[in-house]
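Just below is one structure, and these are the notes that go with it.
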Amino acid sequence: MSYQSPYSVRYGSEEMRLIWGEVTKRRLWRRIWVAQAETLAAAGLIDSPALEELKAHVNAVDLAQAAQLESRIGHDLVAELQTFAQQCPAGGRFLHWGLTSADVLDNADVLLQRTALTLIGGRLREAMLALAERIESTADLVVLGYTHLQPAEPTTLGYRLAAVGQDLLQHFERLGALHSGLRGKGIKGAVGTGAPFGDLLEHTPLTPSEMESRILEALGLESHPVTGQTYPRLQDYELLSAMAALAATLHKSAFDLRLMQSPGLRTTSEPFGESQGGSSAMPFKQNPVQAEKVCSLARLVAASVQPAWQNAASTLLERTLDDSANRRVMIPETFLALDEILLTYSGILRGLSIDAAGAQAWLAQFGPFAAMERILTALVRAGADRQEMHERLRQHSLAAWPLAQQGRNDALLSRLAADTTLLRYLQPARIEQLLEVRGYVGWAPERARQTAAALRRAAGGPEPRT
């Protein structure tokens, strides 16, 4: 068997594969040809029987016949055009009258992108709702925060997840604006001037601009007013950049989930099937393979931005063809990759296990060190010198840290309670009270819930169950 792309069977949904499949694409090409034929018929240039014949065959794609023709011609659009024309003895001679290939290809591409982006928007809604539920359920779950991948001050798991939710809200808005702003090439001919249609429509009631408007209206598409042979490739760059930005947020979140699944830091676990194998060599393993897949595919989404930039920057004069081959690959596969990423990420969130006990044990072990800022504030308010106290607390922390790593949770308290300089300002009971940091999370629970509510509103989901 010859090579088969993983996107054909492994990554992406069948819905997304159908959008980018050959049949869907070629039916769109035929729709554009028929839309032009309808407009030319309105101008009196095509008779009714010929038009009806074309309309009757608009969906009659014959992949085998087109492939046979393409093997000889070397041009997929021309092969489809000839296949369509052969099916329509009366109307076939009018197909592609005055058009250039990009009048068909570019408009079809944008229609496909718009459909695919609608599906991505739906996937993102699902992820936002799954995340909102997780944020709400963990808004009050205090966990140890990390900076530089080192224990820092406490936060809540819901607040950590809310940072992802805040980013997803921005991506949702940006992708929605991009969807509304996608523009086709329109019907403008070989260099975008519309000149061929002046001759074509001479002595008819239609102008070239009116012809273009009627075809675009039939397709439900708007176009750029000025183009060369193709629509501006800057539009591809903006689309893929927005998709890459979304992939960056999902990569960051999946990477965090991988870290939180590691021993010692274990706070969450992605779903693991009853019959799922963790490792071919180590039966005990429960690897975070779903989150790893998100990260892996996100890198490919990010990689699509560079060739898109090159296409936008290097489409010379009215058009060069060096964008064509990479666009055939990167645009469909970027959509398929992001589709798989979002489906996987939503599945992780829905099946996520929370190890609250593990999080609390980790907090008990290292949480007291996070209270140094609280103790420093209390010391200064009691009249101590801030710089002197900072140095004393630093020394105590460094001395107690190795003991805490060995499970001595009382190591820091013992040192602080024996420091007579500190005791001039704070009593041991007060120091012990300040070392309890589970309530030291500020506005984290409140803002986590606010973010979850915003996600639900944007995604149009139900209110949380009470």
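Descriptive notes on the structure:
- Helix-only CD estimate at 222 nm, as mean residue ellipticity for the chain, using -39500 (n - 2.57) per DSSP H run (n ≥ 4): -21000 deg cm²/dmol
- Rounded to the nearest Hz, the phi-derived 3J(HN,Hα) couplings of segment 330-335 under the Karplus curve 6.51 cos²θ - 1.76 cosθ + 1.60 (θ = phi - 60°) are 6, 6, x, 6, 5, 5, where x marks glycine and proline.
- The alpha-carbon of K252 sits under 28 angstrom from the alpha-carbons of these lysines, leaving out residues fewer than 8 places away in its chain: K285, K293.
- Within the accessible area of the chain (1.4 Å probe), percent carbon and sulfur: 53 percent
- Accessible area of the chain divided out per residue, in Å², using a probe of 1.4 angstrom: 48 Å²
- Segment 126-183-segment 11-35 distance, computed between alpha-carbon centres (Å): 34 Å
- Residues whose amide H lies under 5 Å from that of E153, counting only those 5 or more places away or on a different chain, are G145; hydrogens are built 1.01 Å from N in the peptide plane.
- For segment 170-272, the gyration tensor built on C-alpha atoms gives a prolate shape. Its axis ratio a/c (a ≥ b ≥ c) is at least 1.5, and a/b is the larger of a/b and b/c.
- For the chain, the dipole from Cβ point charges (+1 on Lys and Arg, -1 on Asp and Glu) about the Cα centre works out to 1460 debye, to the nearest 20.
- Remark: relative contact order (the chain) = 20 percent; criterion is Cα-Cα distance under 8 angstrom and separation of 6 or more residues.
- V191/S13 FRET efficiency (R0 45 Å; Cβ-Cβ; nearest 0.05): 0.70
- Normalised contact order of segment 66-189, rounded percent, pairs of Cα under 8 Å and 6 or more residues apart: 26 percent
The values are calculated or read from the model by the stated rules, or taken from the named source; none is laboratory data. Treat the numbers as computed from the prediction; the structure is a model and nothing was measured. Positions of Cβ are backbone-derived with ideal geometry, glycine not excepted, and every protein chain shown enters the neighbour counts. To get the accessible areas, we keep the full protein, side chains included, count just its heavy atoms, and leave off ligands, DNA and RNA. Shrake-Rupley method; radii C 1.70, N 1.55, O 1.52, S 1.80 Å.
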